[in-house]
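Engineer: Got a structure for you, questions after.
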Amino acid sequence: MNISFKKVTPSPLDGVTDLQTEIWGKDFEFVTDQYIKIFAPSGKGKSSFMHLLYGLRNDYKGSICIDGKDIKTFSSQTWATVRQEKISMLFQDLRLFLDLTALENIKLKYELKSFKDWNSLESLFERLNIAHVKNKPCAHLSYGERQRVAIIRALVQPFEVLLLDEPFSHLDRNNAEIASELIQEECRARKAHYIYTSLGSDVYLNETKAFRL
Amino acid sequence: MKKTILKIFWKVTKLNTLLLSALGFCLGISFVLIGLKIYQNVFSSFSSELEKSDFVVLSKDVVIFNTILNSKSVLEQREIDSLQKQPFIEKIGFFTPNHFRVWAKVSAGGGLEFATELFFESVADEFVDSRPSNFRWTDPSDPVPIIVSEDFINLYNYGYAISSGLPQISKGTVALIPLEIELSGPNGKKTFSGKIVGYSERISSVLVPLNFMQWANKNIGGFYGTDKPSRLIVKTNKKYAGGMDKYLSSNNLLINSDKLGTAKLNAWGKILVDILMVIGLAFVLFSFVIVLLNFSLIITEAKTEILLLLQLGYTTATITKHLWLYMAVYMTIVFAFSAVVYYSSYTYLNKILTSRGLFYEDINSKSPLLLLLLSYLILNGLGYLFIMNNIRKRNKV
């Protein structure tokens, strides 16, 4: 998958001149097989960048193209297909259904489209050390546990690009390493690449290219 | 079917309001269907001459001179010719009266016998409504088929039978009664067996086939002439009916109005049943609006969840389908329950009315159920569109 940005500036940053950015207002491309790290301190638009790419907001100048097509022209049906098969997303604010159990949150995605069979998905709970909470409503889980449920959910579907918005922000070093290993393994299995955002000190995921936002 | 998504909506479903509208549906549907059933059972058997006035019976006004002078009020040939030229007349049929005496006997078993003097009339076949295939007579040894006015059986069932405690009889039963018909005249006496084969709403008379009448008038009555008709049956052209009243009154002609009383009663009954049905319809519509508002509320309350589902790659169509499934299940339960309520209350009502002699035939028709099925499908379809539209409107990504 080929993603290109042409002079993109999100509305909140429009007119702000003191940006030391390699992305906003610039032209560049992400191509397959690149593992991208986007780093910046808080408030520079990391989540905005992810949300633009995932089609959740369209208040920006410039144009974003996926495989040569401007995403502003995508219908809701096209976005649904993209989100089922091409791009998977781990939200910074996780966005789990808090009334559903951890397992049900996974099932919700599994029932839509799945890359893996149900048993291997369930085994991921053990691998990420959250097997003991899988039948609890997410509202009762800690942020660290929820983040790992969200990681599993992002890995249910097939994808070409995985968007990870500060993926380990709530995890301890040990669990972050396990999770990052899993993510890289899953990307290799799908021949997919990932784009992740970080405050800058993240050392868990490998990257082939890093951009300052 | 995706089960987990259903769980998300279950949480925000308002069962209390839905129960309330279920009650409205039940009442409304029952009212409408019972009204419809009453139309079919009661009014169809009374449907008046005036409504079907493409055929009317015309007669010359009987005035006091006819009584005093014992002259018959008949229509002269020139009057018939003039009538024939009127634009509102399509076709004229003549009644042929009997020129012999008729006695009809019914044996009630146990030596009991009822006998009455009768009259017969005949009219060309095309003017007889609901003419059964066995209304035919070819040979003097054949039984004589008879068509009587529906009024006669109504008079018996609703007037005579109730007041004198006799059983009411159905049309089917009447057909089974064997009649013995004795004709007598200058040329002798002859006995036939007779059978009531049908009922006329249009003509209040006792009708026999025209060829039987011609045969009997000649062979028993010894009558070879032609009659001046005292009444006519005419097929009217409704397009020109405007000038009819004026023409008839200026020529001393009367439209058969013996159904007028029933028609008035009918009209009142119809208004009452109409009101019942309108109220029922209003109940159904209001209940449906409540259901729609309820689902609109569900969509509002589950706004975050729906948005998140869309973000996870669910399409509007999939979300609509699952939310609509709730509505469809609800509607199925409500409609099935309504059908049961309708059926049992109708059966109960029917029992009461029958015991008071107001029904005598339950027309077994599927149209109430078809109507129920049709409205079930239409309401579900509308519900689907409503849900889809609501989800689209509120979740423009």
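The numbers here are math on the coordinates, done by the rules we state, and not lab data. No experiment lies behind these values; they were computed from the predicted model shown. So basically every Cβ, Gly included, is an ideal-geometry build from the backbone, and we count neighbours across all protein chains shown.
Engineer: If the cut-off is 17 Å between C-alpha atoms, which lysines fall inside it for B:LYS91, apart from same-chain ones fewer than 8 positions away?
Structural biologist: Cα-Cα hits under 17 Å: B:LYS52, B:LYS235, B:LYS238, B:LYS239.
Engineer: Quick one: among A:GLY62, A:GLY200, A:GLY43, which has the greatest mean-square fluctuation in a GNM of chain A with alpha-carbon springs under 10 angstrom?
Structural biologist: A:GLY43
Engineer: Counting only helical runs of four or more DSSP H residues, what would the 222 nm mean residue ellipticity of the protein assembly as shown come to if each run contributes -39,500 (n - 2.57) and the total is spread over all its residues? Could the numbers behind the result be given before it?
Structural biologist: Working: 19 runs with 261 residues, N = 610.
That calculation yields -13500 deg cm²/dmol at 222 nm.
Engineer: Give me the angle, in degrees from 0 to 90, between the Cα long axis of helix A:173-190 and the longest principal axis of the Cα atoms of chain A, rounded to the nearest 10.
Structural biologist: Once rounded, one gets 80 degrees.
Engineer: Additional query: For a protection proxy built on the mean count of beta-carbon atoms within 10 angstrom, sort A:81-94, A:15-28, B:268-281 highest first, please. Could the numbers behind the result be given before it?
Structural biologist: Working: A:81-94: 20.1, A:15-28: 12.5, B:268-281: 14.6.
The packing order, highest mean first, is A:81-94, B:268-281, A:15-28.
Engineer: Arranged by the count of other C-beta atoms within 10 angstrom, fewest first, what order do A:ASP117, B:ASP129 take?
Structural biologist: Placing the least packed residue first, the sequence is A:ASP117, B:ASP129.
Engineer: Still on this structure, I have one more. Please find, in a Gaussian network model of chain B (springs between Cα atoms separated by less than 10 Å), the residue of B:GLY222, B:GLY313, B:GLY383 whose mean-square fluctuation is greatest.
Structural biologist: Among B:GLY222, B:GLY313, B:GLY383, the largest GNM mean-square fluctuation belongs to B:GLY313.
Engineer: Given axes a ≥ b ≥ c from the Cα gyration tensor, I'd like to know whether chain B is rounded (a/c under 1.5), prolate (a/b larger than b/c) or oblate.
Structural biologist: It comes out prolate by the Cα gyration axes.
Engineer: Turning to a different aspect of this structure: So, counting K/R as plus one and D/E as minus one, what does the shell of residues with Cβ under 9 Å around A:ASP27 add up to? Before the final figure, lay out the partial values.
Structural biologist: On the way: positive: A:LYS6, A:LYS7, A:LYS26; negative: A:GLU29.
Value of the local net charge: +2.
Engineer: Most fluctuating residue of B:ASN157, B:ASN252, B:ASN98 in a GNM of chain B with Cα springs under 10 Å: which is it?
Structural biologist: B:ASN252
Engineer: Can I ask one more? As a test, work out the antiparallel percent of DSSP beta bridges whose residues both lie in the range B:131-231, rounded to the nearest 5. Let's see the in-between values first.
Structural biologist: Values: 9 of 15 bridges.
Bridges in the range B:131-231 are about 60 percent antiparallel.
Engineer: Kyte-Doolittle cut-off 1.6, length cut-off 18 Å along the helix's own axis using Cα: show which whole DSSP H helices in chain B pass. Walk me through the numbers on the way to the answer.
Structural biologist: Numbers: long enough: B:15-38 (34 Å, 1.96); B:260-301 (60 Å, 1.76); B:316-355 (57 Å, 0.79); B:367-394 (40 Å, 0.94).
Helix filter hits for chain B: B:15-38, B:260-301.
Engineer: Here is the link list: B:LYS321/B:LYS366; A:LYS109/B:LYS303; A:LYS86/A:LYS209; A:LYS109/B:LYS7; A:LYS113/B:LYS14; A:LYS72/B:LYS393. Which ones come out longer than 25 Å on Cα distance?
Structural biologist: Details: B:LYS321/B:LYS366 31 Å; A:LYS109/B:LYS303 18 Å; A:LYS86/A:LYS209 21 Å; A:LYS109/B:LYS7 14 Å; A:LYS113/B:LYS14 30 Å; A:LYS72/B:LYS393 19 Å.
Beyond 25 Å: B:LYS321/B:LYS366; A:LYS113/B:LYS14.
Engineer: Let me ask something else about it. Normalised by the number of residues in chain B, what is the relative contact order in percent for Cα pairs under 8 Å and 6+ residues apart?
Structural biologist: Numbers: 535 pairs, mean separation 121.1, N = 397.
Value for chain B: 31 percent.
Engineer: A follow-up question, please. Just the number, please: percent antiparallel of the DSSP beta bridges in the range A:3-212, rounded to the nearest 5.
Structural biologist: Values: 13 of 30 bridges.
Of the beta bridges lying entirely in the range A:3-212, close to 45 percent run antiparallel.
Engineer: Something else about it: Taking only Cα atoms, what is the 0 to 90° angle, nearest 10, from helix A:118-127's long axis to the longest principal axis of chain A?
Structural biologist: Around 90 degrees separate the two axes.
Engineer: Still on this structure: I'd like to know how the protein assembly as shown sits against the 2.2 N^0.38 Å rule of thumb: what's its Cα Rg over that expected value? Write out the running numbers ahead of the final one.
Structural biologist: Values: Rg = 43.0 Å, N = 610, 2.2 N^0.38 = 25.2 Å.
For the protein assembly as shown, the normalised Cα radius of gyration is 1.71.
Engineer: If you don't mind, there's one more thing I want to ask. Over the residues of chain A, compute the C-alpha Rg and express it relative to 2.2 N^0.38 Å. Walk me through the numbers before you get to the answer.
Structural biologist: Numbers: Rg = 17.0 Å, N = 213, 2.2 N^0.38 = 16.9 Å.
Ratio of Rg to 2.2 N^0.38 Å for chain A: 1.01.
Engineer: Okay, moving on. Can you sort A:SER120, B:SER338 from fewest to most other Cβ atoms within 10 Å of each residue's own Cβ? Each step should come with its number before you reach the end.
Structural biologist: Values: A:SER120 10, B:SER338 22.
Starting with the residue having the fewest Cβ neighbours, the order is A:SER120, B:SER338.
Engineer: Enter the mean number of other protein chain beta carbons within 10 Å of the beta carbon of each residue in A:105-113, as an integer.
Structural biologist: Values: counts 2, 1, 5, 10, 4, 2, 7, 9, 2.
Taking the mean over all residues of the peptide, I get 5.
Engineer: Write down the percent of antiparallel bridges among all DSSP beta bridges whose residues are both part of the protein assembly as shown, to the nearest 5. All intermediate terms of the calculation are to be shown ahead of the outcome.
Structural biologist: Numbers: 50 of 74 bridges.
Bridges in the protein assembly as shown are about 70 percent antiparallel.
Engineer: Let me check I've understood the local charge: for A:PHE159, count other residues with C-beta under 11 angstrom from its C-beta, Lys and Arg +1, Asp and Glu -1. What total comes out? Intermediate results must be reported in sequence, preceding the final value.
Structural biologist: Working: positive: A:ARG83, A:LYS86, A:LYS113, A:ARG190, A:LYS191; negative: A:GLU85, A:GLU160, A:GLU186.
That works out to +2.
Engineer: Right, another one. How would B:ARG392, A:ARG153, A:ARG148, A:ARG188 line up from fewest to most surrounding beta-carbon atoms within 10 angstrom? Provide the component values of the computation, followed by the final result.
Structural biologist: Working: B:ARG392 12, A:ARG153 25, A:ARG148 29, A:ARG188 9.
Ranking B:ARG392, A:ARG153, A:ARG148, A:ARG188 by Cβ neighbours within 10 Å, fewest first, gives A:ARG188, B:ARG392, A:ARG153, A:ARG148.
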